[in-house]
Amino acid sequence: MFEQSDEQLIKKALKGNKTAWLNLVKRYEKSVFNYGLRMTSNKDDALDLMQEVFISVHKSLLNYSGEGTFRAWLFRIASFRCVEFYRRKRPMQELSSTDEPVCEAVLPESFLISQQQNRELIEAMQGLPINQKAVVELKFFGHFTFAEIAEQLDISTNTVKSRLYTALDKLKIILEDSHASAR
């Protein structure tokens, strides 16, 4: 059996095919949830954000022009919803609420080190302004190009680059400080 393209699923969904819509959601729900989790540091907030994103996508699906990828368009909506989330809920929540218990005995040491580094990076990202955090998230976790990020955030590619490099400088300082205080 072949996998249908996003465009095929969108056409069917617009004609009222619920299965096509659900397939489209299933294709992207994990990516959108992980985006939300890294941006909010809280599972419940990430789930709420994911729900808001897919409700918005469903309502706006008719407006999807086919210019660019559906994935880029979806993450543009996710970025807007995330900004709205931060406007509604200013105080940050503890990163520890996202930590999952892990059975260390069955995981290789390199995996555990990688997981720890990911947690440290995500925690450090919480110290960034939302506009910088969004660029870091989309570039390194979403694997979008500068041009795609610029389109999603409705800013220039130079602004994307500037925000990214400023964020990376801040992250370096935050991570160095946390490592120095851990010693």
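List of remarks:
- Taking the criterion of being part of a loop (DSSP other than H, G, I, E, B) and aromatic (Phe, Trp, Tyr), the only residue of the stretch 33-79 that qualifies is 64.
- For the criterion of being assigned by TED's automatic domain parsing to the domain that holds residue 83 and modelled with pLDDT under 90, residue 63 passes.
- Options 54, 75: the member that is aromatic (Phe, Trp, Tyr), closer than 14 Å to residue 39 by Cα and either at pLDDT below 90 or surrounded by 14 or more Cβ atoms within 10 Å (Cβ to Cβ) (or both): 75
- Residues that are touching a residue at least 60 places away in the same chain (Cβ under 8 Å) and of a type in the set (Phe, Trp, Tyr) do occur in the stretch 35-46.
- Condition check for residue 149: farther than 21 Å from residue 176 by Cβ and part of a loop (DSSP other than H, G, I, E, B): no
- Applying the criterion of being more than 10 Å from the chain's Cα centre (by Cα) and aliphatic (A, V, I, L, M) to the residues of the stretch 20-48, the residue that is surrounded by the most Cβ atoms within 10 Å (Cβ to Cβ) is 24.
- Looking across the stretch 57-72, the residues that are loosely packed, with under 14 Cβ neighbours inside 10 Å and either free of Cβ contacts under 8 Å to residues at least 24 places away in the same chain or more than 19 Å from residue 134 (Cβ to Cβ) (or both) come down to 58, 59, 60, 62, 63, 65, 66, 67.
The values are calculated or read from the model by the stated rules, or taken from the named source; none is laboratory data. Being a predicted model, the structure only gives us computed values, none of them experimental. Glycine gets a Cβ as well: all are built from the backbone with ideal geometry, and neighbour counts include every protein chain shown.
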